[in-house]
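Read through the structure below, which is laid out as structure tokens, and then see the notes.
The values are calculated or read from the model by the stated rules, or taken from the named source; none is laboratory data. Keep in mind the model is a prediction, meaning the values are calculated, not measured. Cβ: placed from backbone, ideal geometry, glycine included. Neighbour counts: every protein chain shown. Surface accessibility is based on the protein's heavy atoms, side chains included, excluding ligands, DNA and RNA. Shrake-Rupley method; radii C 1.70, N 1.55, O 1.52, S 1.80 Å.
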Amino acid sequence: MMAMMKLAVLVLVCAAVAQTRADAPEAASSESAEDNVVLEKKGLISRALWTFFGGRRFRYFSSPKTWDEAENFCRSIGANLASVKNSLENTKLLSLINQQKANYTPTWIGGSDAQKNGVWFWSDGSKYQYTNWCPKEPNNGRGQQHCLQMSYTKKRCWDDLECRERRPFICAMSRWRIPRWRIPG
Ligand SMILES: [Ca+2]
Ligand SMILES: [Ca+2]
């Protein structure tokens, strides 16, 4: 009899745990669904507006910003300025730029050597490996060029440029996250 009661208690406890586990994700998702609606209204996180390839989503934003402003903007929607892992990705990003602007306008991506000149990193923390620098770039012009623009010159290669210059930019997100922080106006 005692054994039966213990078993019954155990079953109840298990059921309660299972119920709690089932509730938790639901509560979280309904909360983020509200954020989702706000963001979607602003057209920022509608999946249709992002291009999926190589396990990430990419989007070109045409309004020119400084590199820092662009990176902050990307972060505010759960992304970073795009890193580029290989030549295929580089080509895909160029086609994104060209879809929006027929003339392959120079565009910020996430490379920077602002911390130590000549030591480049990606703002999303991924490994800096593939490069597509233009001939004689990066030249750190006037000792002040620490941010990476792509689609530079007719060769559509990479150049280092003063970070305060304003360029369109490409954000990339590795996972589809629902941002919970404030969206920039
Ligand atoms: Ca530099
Ligand atoms: Ca340069």
What net charge is computed for the residues neighbouring Gly54, neighbours being all others with C-beta under 12 Å from the C-beta of Gly54, Lys and Arg scored +1, Asp and Glu -1?
+3
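Which pairs break 22 Å Cα to Cα here: Lys85/Lys155; Lys92/Lys116; Lys127/Lys154; Lys92/Lys154; Lys65/Lys136? All intermediate terms of the calculation are to be shown ahead of the outcome.
Values: Lys85/Lys155 19 Å; Lys92/Lys116 29 Å; Lys127/Lys154 27 Å; Lys92/Lys154 17 Å; Lys65/Lys136 25 Å.
Beyond 22 Å: Lys92/Lys116; Lys127/Lys154; Lys65/Lys136.
Take each of the peptides 142-154, 69-81, 125-137, 85-97, average the number of other beta-carbon atoms within 10 Å over its residues, and list them starting from the highest.
Values: 142-154: 18.4, 69-81: 20.8, 125-137: 13.3, 85-97: 16.5.
Final packing ranking: 69-81, 142-154, 85-97, 125-137.
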For segment 82-90, in order, what is each residue's ³J(HN,Hα) by Karplus, 6.51 cos²θ - 1.76 cosθ + 1.60 with θ = phi - 60°, in whole Hz (x at glycine and Pro)?
5, 9, 10, 8, 7, 5, 5, 4, 4
List the residues whose amide H sits under 5 Å from the amide H of Trp133, counting only those 5 or more places along or on another chain, with H placed 1.01 Å from N in the peptide plane.
Trp158
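Under 10 Å from the Cβ of Pro138, count the other residues' Cβ atoms, weight Lys and Arg +1, Asp and Glu -1, and hand me the total.
Details: positive: Lys136; negative: Asp113, Glu137, Asp159, Asp160.
Around Pro138, the charge tally is -3.
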Would you tally the net charge around Tyr128, using a Cβ to Cβ cut-off of less than 12 Å, leaving Tyr128 out, and scoring K and R as +1, D and E as -1?
0
Using a 1.4 Å probe, what is the accessible area per residue for segment 51-174, in Å²?
49 Å²
Cα extents of segment 51-174 along the three principal axes, largest first, in whole Å?
36, 30, 27
